[in-house]
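The values are calculated or read from the model by the stated rules, or taken from the named source; none is laboratory data. Because the structure is predicted, anything quoted here is derived from the model rather than measured. Cβ: placed from backbone, ideal geometry, glycine included. Neighbour counts: every protein chain shown.
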């Protein structure tokens, strides 16, 4: 059966372990506790600790509420990936469960409305996906420690809140048709991404403690709170949103300063698009954008000002009906500078000066917008483009040299960078599962 094969693949990801020697015949000591009937479920309900993975497969005789009343810890994963038939359970409950050593991964239970794990604090990774009826999952709020991912996809949750979780690799919140609020108030570091896409339009996003993230990708949001954000190592993207303001008062740089030992360079830069209610931008501390700065199709935006911005590795593209554009500290633009504006009275003369004094390396276009050139799609092409820009700008290509600009991305701990490498592998696995 295809489901059995995929389950075995999932086990290998959560850490395969050989069967332990059993002091008792209890199924609780199995390396894999496979639940595929009511009889096995009733035996498993006696477990306080499970030595390996709990795996739930389809059975026709499950009750509407599947409960593990005594379960306190799982030394492997808590998994159910239903591929063949829809499990009819509407409520999954483990009221005493505090620790899952590997993953909590529940997928394709189309009737499941509730996951009740009110004291669960420690896991490796959470993945909830294809649970279209899910309206309650209280453990999302109680988690204190996650080593890897926090992923919620295709549910009917209205709120996702947590005030304890400080670190995650992936934070991915996709396709939640009823979602209104997303708040991770203790999160300080997301070493791969924070991404919200295709959720209900108008999600309120609050990340008041976030200081560093690799990729920051937000769509369909109505508000954004990021008062402590200092570094976005990859890109910063806001798209198709109803926000009235985007403020990042401490953000210093967007984009990874090029290092030949780090191949992750293919990002978008700072991009704010298609947000018709956006009236103001505030990036008072931003000094550097690696790759592109692109602001387009924000019809209410009247003023664009980056008071401390010195360098843009790639291109600058601005298009709209804004009345003023200000870059008082701009020193280097590695690509083109394109401004599209048909607002009467708008003047291009001050911006033209950047081309005249050599600040802009490429073409300058104003007030007619010129599409930004496509970037290289391969790592080799990206490396060549960035090295070429560095040579032109007179900056070193090796981080750590004395004259390296102090606005280069601060990578944080070794934990963050090793997590990025791990996250790439997880991304590939996610495509398979």
Next item on the list: Output the number of residues of segment 35-48 satisfying the condition of being surrounded by 14 or more Cβ atoms within 10 Å (Cβ to Cβ), closer than 18 Å to residue 95 by Cβ and over 34 Å from the mean Cα position of the chain (by Cα).
Entry: 4
Notebook entry, point to check: When segment 306-336 is examined, which residues are found to be surrounded by fewer than 16 Cβ atoms within 10 Å (Cβ to Cβ) and assigned to a strand (DSSP E or B)?
Noted result: 324, 326
Note to self: All but one of (1) closer than 23 Å to residue 249 by Cα; (2) not in a loop (DSSP other than H, G, I, E, B) hold for residue 380; state the number of the condition that does not hold.
What the structure shows: (1)
Next item on the list: Working only within segment 233-252, note down all residues that are under 18 Å from the mean Cα position of the chain (by Cα), farther than 11 Å from residue 278 by Cα, in a loop (DSSP other than H, G, I, E, B) and at pLDDT 95 or above.
Entry: 248, 251
Next item on the list: Among the numbered conditions (1) more than 25 Å from residue 78 (Cα to Cα); (2) surrounded by 21 or more Cβ atoms within 10 Å (Cβ to Cβ); (3) modelled with pLDDT of 95 or more, tell me where residue 180 comes up short.
Entry: (2)
Next item on the list: Take residue 352 and decide whether it is in a helix (DSSP H, G or I) and more than 28 Å from residue 249 (Cα to Cα).
Entry: yes
Checklist line | Qualifying residues in segment 282-298 (those that are closer than 16 Å to residue 241 by Cα and buried (at least 21 other Cβ atoms within 10 Å of the Cβ)) - the one farthest from the chain's Cα centre (by Cα) | finding: 298
Item checked: Candidate set from segment 7-34 (those that are within 18 Å of residue 102 (Cα to Cα), touching a helix residue (DSSP H, G or I) at 6+ places or on another chain (Cβ under 8 Å) and at pLDDT 50 or above); member that is surrounded by the fewest Cβ atoms within 10 Å (Cβ to Cβ) -> 34
Margin query: Quick check on this structure: which one of 71, 92, 79 is under 21 Å from residue 46 (Cβ atoms) and part of a loop (DSSP other than H, G, I, E, B)?
Written below: 71
Next item on the list: Quick one: in segment 154-170, of everything that is buried (at least 19 other Cβ atoms within 10 Å of the Cβ) and outside any loop (DSSP other than H, G, I, E, B), which residue is nearest to the chain's Cα centre (by Cα)?
Entry: 170
Note to self: Test of understanding: among 151, 147, which residue is modelled with pLDDT under 95 and either in contact with a helix residue (DSSP H, G or I) (Cβ under 9 Å, 6 or more places away or on another chain) or buried (at least 17 other Cβ atoms within 10 Å of the Cβ) (or both)?
What the structure shows: 147
